[in-house]
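Participant: For reference, the structure I am asking about is given below.
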Amino acid sequence: MSDIRINITNKTYVLAHDTQQIHHAIAGLDITVHPHQFVCLLGPSGCGKTTLLNMIAGLDSHFDGQISMGAIEQTPSIGYVFQNPRLLPWRTVRENIELVFRSTPPASLIDNLLDSMQLRDAQHQYPERLSLGMQRRVAIIRAFAINPNILLMDEPFVSLDAPTARQVRSQLYALWLKRPHTVLFVTHDLREAIALADRLIFLSGSPMRILSDITVPIAREQRQNEANIEAFREQLLQNHPVIRELI
Ligand code: ADP
Ligand code: MG
């Protein structure tokens, strides 16, 4: 697995073809992500975070620049947890997970994945019967299921109440510790970012650029202690006042 090299020189959206009105979403962005790094992207709403993840996922190729992930023959697999869970409503929880596999996966593999997010009891339910928190857990499992090299997560816990978000976050973290994929994780929650990430990248409003790129200096085993998270958060806000305006 190689570094992910992201170099976007220009990403525009045409807002109106008749008037040639253009929105400059990204103009000059250079990020190198190392294998197994957990990177959190933080920035104001509308700054281009989802746009960036879509470009990395290969869903949007209308940009100038390059995103490279190593040699073509080793093209990495990518798991993507979208901002909305995007489950198929006519498939059960179990079927929603199974459908990401090319051939029928062993039942024990699906069972283990369901257990990792405490969803075994809900496996035969249809998405409309699930709470948002459960739907998000299914979406996370689905992204992990193929054991991707790279995991993209776009505000996966947004609009969950605080206790549910904390619970799903710790389940995600436990899953990641077992299989430390390279992760690009978008969030607005600085405490969440500090609890999870090796590295925080703060982004400005459009056109998007990097304002700060900061390594989280807290050892993983120290992060259970919320006081350590809080102390580093305070330090960050003091040393980088601009962060207050971003999140
Ligand atoms: P974020 O995820 O950081 O909230 P987005 O990547 O969704 O931001 O959007 C970045 C900017 O690009 C926003 O100003 C948004 O309105 C604009 N944008 C996103 N998608 C489109 C689109 N398909 N057409 C036109 N403008 C878009
Ligand atoms: Mg977004």
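The values are calculated or read from the model by the stated rules, or taken from the named source; none is laboratory data. Since the structure is predicted, the reported quantities are computational estimates derived from the model, not experimental observations. Every residue, glycine among them, receives a Cβ derived from its backbone with ideal geometry; neighbour counts consider all protein chains shown. Remember, those area values only see protein heavy atoms, side chains included, never the ligands or the DNA or RNA. Shrake-Rupley method; radii C 1.70, N 1.55, O 1.52, S 1.80 Å.
Participant: Would you calculate the separation in nanometres between label points at Asn239 and Ser170, each defined as 7 Å from the Cα along the Cα-to-beta-carbon direction?
Facilitator: Distance between the two pseudo-spin positions: 2.9 nm.
Participant: I want to check the label-to-label distance for Asn7 and Ser103. Put each point 7 Å from Cα in the C-beta direction and report it in nm to one decimal.
Facilitator: So the label points at Asn7 and Ser103 sit 4.0 nm apart.
Participant: Can you figure out the FRET efficiency of Thr215 with Arg129, using R₀ = 30 Å and their beta-carbon distance, to the nearest 0.05? Don't jump to the answer; show the numbers that get you there.
Facilitator: Values: r = 43 Å, r/R0 = 1.42.
My answer for the efficiency is 0.10.
Participant: Between Asp30 and His62, what length in nm is gained on full extension when 0.36 nm per residue of separation is reduced by their alpha carbon distance?
Facilitator: On the way: separation 32, 0.36 × 32 = 11.52 nm, distance 1.71 nm.
Separation in residues times 0.36 nm, less the Cα-Cα distance, equals 9.8 nm.
Participant: Per the Kirkwood formula on distinct C-alpha pairs, the Rh of segment 5-68 is how many angstrom?
Facilitator: Numbers: mean 1/r = 0.0780 Å⁻¹.
For segment 5-68, inverting the mean 1/r across all distinct Cα pairs yields 12.8 Å.
Participant: For the chain, with only Lys/Arg (+1) and Asp/Glu (-1) charged at the beta-carbon, what is the dipole magnitude about the Cα centre, in debye rounded to 20?
Facilitator: On the way: 23 positive and 24 negative charges, 77 e Å.
With Lys and Arg at +1 and Asp and Glu at -1, about 360 debye.
Participant: Sorted from largest down, give the three principal axis spans of the alpha carbons of the chain, whole angstrom values.
Facilitator: So the three principal-axis extents are 50, 48, 36 Å.
Participant: Could you tell me the center-to-center distance, by alpha carbons, between segment 194-232 and segment 30-78 in angstrom?
Facilitator: 19 Å
Participant: Using 7 Å Cα-to-Cβ label points, what is the Asp198/Asp121 separation (nm, one decimal)?
Facilitator: For the pair Asp198/Asp121, the computed spacing is 3.7 nm.
Participant: Can you give the accessible area per residue of the chain, in Å², using a 1.4 Å probe? All intermediate terms of the calculation are to be shown ahead of the outcome.
Facilitator: Numbers: 12320 Å² over 247 residues.
Spelled out: the 1.4 Å probe surface of the chain, per residue, equals 50 Å².
Participant: Next question, about the same structure. Give the range of the longest stretch in the chain that excludes all chymotrypsin sites (Phe, Trp or Tyr not before Pro) found in loop regions by DSSP and having at most 14 other beta-carbon atoms within 10 Å. Don't skip to the end; give the middle numbers.
Facilitator: On the way: sites that count: Trp90, Phe101.
It runs 102-247.
Participant: Another question about this same structure. With the chain treated as a Gaussian network of Cα nodes joined by springs under 10 Å, which of Ala195, Ala16, Ala57 yields the largest mean-square fluctuation?
Facilitator: Maximum among the listed residues: Ala16.
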